[in-house]
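Data block below; observations after.
Just so you know, all these numbers are worked out from the coordinates, no wet-lab data involved. Everything quoted here is computed from the prediction, not taken from an experiment. Glycine also receives a Cβ, built like all others from the backbone with ideal geometry; neighbour counts cover every protein chain displayed.
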Amino acid sequence: MTDPTQDPSFLQDPYPTYAAMRSSCPVQPLPTGSGGHPGYVVTGYAEAREALGDARLSKDTAAFFAGKKSRRRLHPAVAHTMLATDPPRHTRLRKLVTKAFTAGAVAQLRPFIARVTDELLDQWPVGERFDFVAGLAVPLPVIVICELLGVPAGDRPAVRRWSGELFAAGRPDVIDAASHRMADYMTGLVAAKRLDPGDCLLDRLIAARDGAERLSEEELVSLAVLLLVAGHETTTNFLGNAALALLQRPAEWDRLRQNPDDVPAVLDELLRFDSPVSTATFRYTTEAVTLGGVDIPAGVPVLVALGAANRDPVRFPSPDLLDLDRDAAAHLGFGHGIHRCVGAPLAKAEAEIALRAVLTRFPGIRLAVPSERLQWRRTRLVRGLAALPVVV
């Protein structure tokens, strides 16, 4: 069968396609692209949650592609991150990361996040058209995660550029080159931190221990790359998607403008409504699995469409309606199970602080172009705006 997600209209609005696929069957065969590995796609909520928690669906990409011919030259630090491992290695890595990346650390960052947000909003041109994505959604999480990891200010534009290139759909040469630039940079940064340690997250990862266990040099670089990329990509898309959803619905915008303290309570519904991660990262079956009544053979990829699952009417009635009173805490926007996003608290803190500040300082902000003219990033993995023109 053809891949309906390759239709140009899918990038603009994937949800009708997801709904049609889900109503046909929530688990169905689907080509995964030019790699020649046909697999299955999961669009139902119950099936997606089950797949995300099933240990028979491995994330060990190195094992899957071993012996398979490929022209790709992704750097191992990007190809084999913690997201691409299974227990017990994943358990060890995540435990060491968690020791340095805690909720307490996020709480301590809130004043810094608020200060950076205000500095960015100070630069917004009142009465003129400008890009919300470039003016807030991109720089805020980039500055925060780079500060957290100790990336010098002068290096941050290049880091952001390489990160964006890692999601260049249909451009494997660009993705591979960016992976090497990012990994080489983080290798150098880790080496510099060893010679002149400080007190940032990367320093704490270098020092993190669990008894006799500690991170190897390769693991440090891989984790640093993962945290750097995942630490801002999700939040950038979350901010842009959330702002668009609210600006398209003036009544909801006015409600939050009048009650900005309600922002934390609506973040889960905004994440559910337009998930910043459209498809979960690579998984494959290590043995035959039956999912949603569908028999999936061993050794094939399984794509879990988080955006589709979050619009499943069986779990979320009237899913295409943005309902700020909905209890959407069970959404899958950050994944589920042992691979649930470790940076979720940071992403929600940044979104809360940023949206509250915009609502308070610029209550009259409005879209500068019709929604149908907005450009979306050309990638199936994440869902985010390339730009969001607004006027304040």
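Taking only the alpha-carbon positions of the range 176-332 and ignoring solvent, what does the Debye formula give for the base-10 log of I(q)/I(0) at q = 0.10, 0.13, 0.16, 0.20 Å⁻¹? Taken in order of the listed q values, log10 I(q)/I(0) reads -0.61, -0.89, -1.02, -1.14. For the range 80-133, the Stokes-Einstein estimate of translational diffusion at 25 °C and a viscosity of 0.890 mPa s comes to 168 µm²/s, using the Kirkwood hydrodynamic radius over alpha-carbon pairs.
Only lysines eight or more places from K193 in sequence, or on another chain, were considered; those with a Cα closer than 22 Å are K95, K99.
Identify all aspartates and glutamates with a Cα-Cα distance to K69 below 18 Å; exclude those on the same chain that are fewer than 8 residues away in sequence. Partners within reach: D60, D173, D176. Taking N as the residue count of the range 219-311, its C-alpha radius of gyration divided by 2.2 N^0.38 Å amounts to 1.47.
Each 20 Å bin from zero up to the one holding the largest Cα-Cα distance in the chain carries the following percent of pairs: 27, 60, 13. Computed about its Cα centre, the charge dipole of the range 4-391 is approximately 700 debye, with only Lys, Arg, Asp and Glu carrying charge at their Cβ.
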